[in-house]
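Reviewing the structure listed below.
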Amino acid sequence: MKMKYEYSQHGQTTARLQSPHGGAATARMTSHPAHFFPSFFLLLLLGLFTMTSAKAADTTRILAFGDSLSAGYQLPAGEDFPTQLQQHLKNQGLDVEIVNASVSGDTTASGLSRLDWSTPENIDLVLLELGANDALQGLSVDNAKANLAAMIEKFQQKDIKVALMGMRSPPNMGADYTQAFDAIYPALANEYQIPLYPFFLEDVAAEPDLNLQDGMHPNQKGIQVIVKNIAPFVIDLLNQPN
């Protein structure tokens, strides 16, 4: 038995059942191409959206929330710390997207004030890198610690895992200030039980070849050192169960 379809110009489809013995049965069906194709494309778009959403769900989204050290102060486009870290992690086979929400000149107070509106949706991990400008300006250590604590709590309320990027005070601020400021980060990491990278500028601070002429901001070579140092720390975080 064979099925043979015949199409008419009036939108009707005729189906003929033909037997090998010559008999035939005929049935007419009315098709509506104008209705069929929109439905087909709707299903196609739905399928593509579903696949895209599934892929997006598999991507770990990291937020770099800091100051000029993360923002890429005076560096060419794409040479900033978040972009270079993302590329490094992708080269390691990790499906990550790093959003750079860093602002040059930010203190802990200004970071706290903009946290809600500058934190995108669906962030899994934040690298909280603030405090350097507080130390440079000799701002209150207690206030800096309180601001960082408030940011940690806000991120946690958003169900975002927080990794704290430690800072150190310049030695010219005096021994008492330096000791008090440097103690902020280990204390907060212990209090909130969050991972701490001890010093964001490890191996880069005070190294002329790795900094811009101002002696404070990493150049492209300095960023590469920072990425190389911090990448294993971030990879360990990504490999930990949620």
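How much solvent-accessible surface does LEU112 expose, in Å² to the nearest 10, with a 1.4 Å probe and all protein chains in place?
Only protein atoms counted, so the area is about 40 Å².
In the stretch 133-184, how does Rg compare with the Kirkwood Rh, expressed as the Rg/Rh ratio over alpha carbon atoms?
Numbers: Rg = 12.4 Å, Rh = 11.8 Å.
Here Rg/Rh amounts to 1.05.
For GLU202, what accessible area in Å² do you get when you roll a 1.4 Å probe over the heavy atoms of the protein chains, rounding to the nearest 10?
The accessible area comes out at roughly 70 Å².
Full extension from THR59 to LYS154: what is 0.36 nm times the residue separation minus their Cα-Cα distance, to one decimal in nm? Walk me through the numbers on the way to the answer.
Details: separation 95, 0.36 × 95 = 34.20 nm, distance 2.27 nm.
Working it through step by step, the gained length comes to 31.9 nm.
With every protein chain kept in the model, how would you rank SER140, SER118 by accessible area, 1.4 Å probe, largest at the top?
Numbers: SER140 50, SER118 20 Å².
Largest to smallest exposure gives the sequence SER140, SER118.
For the stretch 55-139, what size does the Cα cloud have along each of its three principal axes, sorted from largest down, in whole Å?
Extents along the principal axes: 44, 27, 17 Å.
What is the distance, in nm, between label points placed 7 Å from the Cα along the Cα-to-Cβ direction at ALA206 and at GLN87?
Result: 3.0 nm between the two label points.
Could you tell me how far the Cα centroid of the stretch 172-242 sits from the Cα centroid of the stretch 99-149, in Å?
With the stretch 99-149 and the stretch 172-242 each reduced to a Cα centre, they are spaced 14 Å.
Working with all protein chains in place, sort TYR185, TYR73 by solvent-accessible area computed with a 1.4 Å probe, largest first.
Solvent-accessible surface, decreasing: TYR73, TYR185.
Using label points projected 7 Å from each Cα along Cα→Cβ, tell me how many nm separate ASP116 and LEU136, to one decimal.
For the pair ASP116/LEU136, the computed spacing is 2.9 nm.
Would you work out if the stretch 120-225 is rounded, prolate or oblate? Take a ≥ b ≥ c from the square roots of the eigenvalues of the alpha-carbon gyration tensor; rounded if a/c is under 1.5, else prolate when a/b is larger than b/c, oblate otherwise.
Values: a/c = 2.24, a/b = 1.31, b/c = 1.71.
Because a/c hits 1.5 or more and a/b fails to exceed b/c, the stretch 120-225 counts as oblate.
Taking 0.36 nm per residue of separation and subtracting the Cα-Cα distance, what length does fully extending ASN172 through ASN190 add? Show your work: numbers first, answer last.
Numbers: separation 18, 0.36 × 18 = 6.48 nm, distance 2.74 nm.
Taking 0.36 nm per residue and subtracting the Cα distance, the gain is 3.7 nm.
The values are calculated or read from the model by the stated rules, or taken from the named source; none is laboratory data. Predicted, not measured: the structure shown is a model, and the values here were computed from it. Neighbour counts are summed over all protein chains in view; Cβ atoms, including those assigned to glycine, are modelled from backbone coordinates with ideal geometry. Calculation scope for accessible area: heavy atoms of the full protein, side chains included, ligands and nucleic acids excluded. Shrake-Rupley method; radii C 1.70, N 1.55, O 1.52, S 1.80 Å.
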